[in-house]
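I have placed the structure first, in the form of structure tokens, so that the comments after it can refer back to it.
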Ligand SMILES: [Zn+2]
Ligand SMILES: [Zn+2]
């Protein structure tokens, strides 16, 4: 604590009335946390050391969030997990690479810019629109960064990156060119999911399915063999009908197959086909194939080589193909077509239909399927490889792996990577005006924006023309963020570093982005490097409100991270994140958990004050003194705790690590040991000197170890108390630059644990008895009669001196309780029967 005024909490004792106390009475958590965060930053405590070749590296590929300006509780949980691992690994001797980026491009920011400034992207120039987006993004990043810093995350901010910066998107473009060269990318006209509001293609991962109530209407089609009824929920697509289909086993329609039907409204003649995918039990069992009502239509169009009728434009309005309905929105067209069909007596009955419909993940508009030239990555062909590699990666928890595999299997189409938007990485390609051939940019031209820049002195490879038009699209934002593993590792320039940092050791992210982030990272890096990008995926669940529902502003259960930090400090919120639930499962946000965290910190602070005040004359370099039973008891438990805690961190079980360290500190150290050791610490006679030193030795080691075990979870208080503990000794000042404690096998002693536990249970009983009689703990007992079970009585007989000293008893008599047999536990005698004369 050698920084300026903010550090005054710990130095305030100098010259104050508390000169003999190592710590101030009041634990001013917020002041302390802010001062430490500043100190860490100034000392570069979390800087990745590029020149260090001795320590092994541990690289964490953190998901770059969208700069929304809000850092919510779900984010806080995510980042706590990353930080627990980063801090633990640093203490385990790793050179930790913990970068932080911002996934700037894409729809979220564009939609926000449009709403904030009440504009449409088409109304302003590309450059102007980009400028607005950059400005908004920069503001939002600052807000989120402040929230992250207030939580004390040990991010190496020197590694910060923003995907909208030319230095970064140049790499996105470079990877595009590499993949294009290797045949992983192609341009083609295929049906894609389309958001009519955002006016862009979107990937399957960006379609969110919601429940919707619609109407199923029976429409009469006339055919050569009589009329057929077709049940449809989307009559507005009738003008795009290119065939009718029935199941080949459906006996009702055998006669119709092979003949033609007349599409109402547009009077087009279309074939009547069979296809085994037709569900004979749905509606009339006859379906109309429209290009494109849904994914099955896409499949049928392809399979039966049907014509394509493009009935919707980019804004979701009907095209010229719809004849008199051209220009209408889908809902208006539905009304008009149903009205016309009714007039022509071609509408039968109707009934309600509930179904799942796909919506745009960003603006929630129902998506349509449109066919237009787009860029694709050949991810479908990679499915087997992706699944094989997914199985080789460690997933925590293990079940989260299935999300990835199920997702990879469920994909019907290649990944559409072009977007008809402005704020994104430009596609580094020009198209020949003469022959339509493609001219990719040269590496040296990057970053480049073909929307405003011409290719440098190039001619078309096919026709020799010099006239090009730049590709007008930008890339899906996941194209930016799915190369992070390679970019962090130094690709393409620092290849020696790449060997050290790729694949990432840890890929931590929320359950909700497995199908996007984990999937795209895997596909992208397999295509580029033939290797999976990560070794372990650590998945966190979602944060629910206190009412059990997902946390959402509209539910009134939303809590701001900054609000929680202001109220209870970062170390309390971090304890909630660690202890709130098992890794990978949803966890509820409960103020009570944060409050409990805060109480624990106060308890620890007060206990540390007491311990530090008793260690003023202690020299940790002296050889170990002879230890008493309770010293051996505590140190044995402590070493078992180190083992359990290490296992828990190795397996990402943060709740186990936190609960075990807190329980030990609160109960074994504070409630039991400290109470029992007080008389030894304050004894000033010569006979007590050795015993006093043994208690000091035990407390010094225990506090030192406990602070280290707590350091990943509560980094602020751990660092503050650790600095005080080692204030007068030669040790690195920050706990975070120290080694994780080792298990000292020699101190693990089952017998001492057993005997010590019996003794502390008795001492608790005596304390309870004194407090029931409203007596001070120091109140002497003239005579104490103890009855206990055979084994406990034997143990206690061996420690009569300790009982007398600790509980201030002048005379003790120990007898046995007859062993209780055959009684249920609730009816058994208490463990000890006490009778005292005061
Ligand atoms: Zn949309
Ligand atoms: Zn050409």
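A few comments on the model shown:
- Residue match in the range 408-417 (condition: crowded, with 16+ Cβ neighbours inside 10 Å and within 16 Å of ligand 1 (Cβ to nearest atom)): yes
- Some residue of the range 485-496 being touching a strand residue (DSSP E or B) at 6+ places or on another chain (Cβ under 6 Å) and either within 16 Å of ligand 2 (Cβ to nearest atom) or more than 28 Å from residue 130 (Cβ to Cβ) (or both): no
- Candidates 353, 318, filtered to the one that is surrounded by fewer than 18 Cβ atoms within 10 Å (Cβ to Cβ), within 45 Å of the chain's Cα centre (by Cα) and closer than 28 Å to residue 207 by Cα: 353
- Any strands (runs of 3 or more DSSP E) falling wholly within the range 195-257 and containing at least 2 residues that are free of Cβ contacts under 8 Å to residues at least 40 places away in the same chain: 226-232
- Every listed requirement among (1) over 21 Å from residue 636 (Cβ atoms); (2) in contact (Cβ under 8 Å) with a residue 60 or more places away in the chain; (3) surrounded by fewer than 13 Cβ atoms within 10 Å (Cβ to Cβ); (4) within 50 Å of the chain's Cα centre (by Cα) is met by residue 772 save one, (2).
- Residue within the range 436-449 that is surrounded by fewer than 16 Cβ atoms within 10 Å (Cβ to Cβ), within 16 Å of ligand 2 (Cβ to nearest atom) and under 30 Å from residue 300 (Cβ atoms) present: yes
- The requirement of being within 15 Å of ligand 2 (Cβ to nearest atom) and either in contact (Cβ under 8 Å) with a residue 40 or more places away in the chain or assigned to a loop (DSSP other than H, G, I, E, B) (or both) is fulfilled nowhere in the range 401-413; no residue meets it.
- Selection count, the range 371-392, where residues are assigned to a strand (DSSP E or B) and either at pLDDT 95 or above or buried (at least 21 other Cβ atoms within 10 Å of the Cβ) (or both): 4
- Subset of the range 348-370 (residues that are more than 16 Å from ligand 1 (Cβ to nearest atom) and either over 28 Å from residue 522 (Cβ atoms) or out of contact with any strand residue (DSSP E or B) (no Cβ under 7 Å at 6 or more places or on another chain) (or both)): 348, 349, 350, 351, 352, 353, 354, 355
Residues checked against (1) under 30 Å from residue 309 (Cβ atoms); (2) within 16 Å of ligand 2 (Cβ to nearest atom); (3) in contact with a strand residue (DSSP E or B) (Cβ under 9 Å, 6 or more places away or on another chain):
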position	(1), (2), (3)
150	no, no, no
158	no, no, no
161	no, no, yes
180	no, no, yes
186	yes, no, yes
203	yes, no, yes
213	yes, no, yes
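- The residues of the range 618-640 that are over 21 Å from residue 764 (Cβ atoms) and assigned to a helix (DSSP H, G or I) amount to a single one, 639.
- Residue-level check: of (1) assigned to a helix (DSSP H, G or I); (2) more than 30 Å from residue 411 (Cα to Cα); (3) touching a residue at least 24 places away in the same chain (Cβ under 8 Å), residue 298 misses just (2).
- The sole residue among 692, 727 that is surrounded by fewer than 21 Cβ atoms within 10 Å (Cβ to Cβ) and more than 31 Å from the chain's Cα centre (by Cα) is 727.
- Within the range 549-588, the set of residues being assigned to a loop (DSSP other than H, G, I, E, B), within 20 Å of residue 69 (Cα to Cα) and in contact with a helix residue (DSSP H, G or I) (Cβ under 7 Å, 6 or more places away or on another chain) comprises 551, 559.
- The selection criterion, being on the phi < 0 side of the Ramachandran plot, within 27 Å of the chain's Cα centre (by Cα) and within 16 Å of ligand 1 (Cβ to nearest atom), does not hold for residue 396.
- For beta carbons closer than 7 Å, sequence separation of 6+ or different chains, a first residue in the range 661-683 that is under 16 Å from residue 627 (Cβ atoms) and a second that is outside any helix (DSSP H, G or I), the qualifying pairs are 680/688.
- Single residue of 647, 659 found to be touching a helix residue (DSSP H, G or I) at 6+ places or on another chain (Cβ under 7 Å) and closer than 28 Å to residue 570 by Cβ: 659
- Test: residue in the range 112-129 that is closer than 22 Å to residue 478 by Cβ, within 16 Å of ligand 1 (Cβ to nearest atom) and free of Cβ contacts under 8 Å to residues at least 12 places away in the same chain: yes
- Selection status of residue 482, over 15 Å from the mean Cα position of the chain (by Cα), within 16 Å of ligand 2 (Cβ to nearest atom) and within 29 Å of residue 375 (Cβ to Cβ): no
- Any chance residue 63 is away from ligand 2 (no atom under 16 Å from the Cβ), within 24 Å of residue 518 (Cα to Cα), at pLDDT below 95 and in contact with a strand residue (DSSP E or B) (Cβ under 9 Å, 6 or more places away or on another chain): yes
The values are calculated or read from the model by the stated rules, or taken from the named source; none is laboratory data. Only a predicted model underlies this, so the values are computations on that prediction, with no experimental measurement involved. Cβ atoms come from the backbone with ideal geometry, glycine included; neighbour counts cover every protein chain shown.
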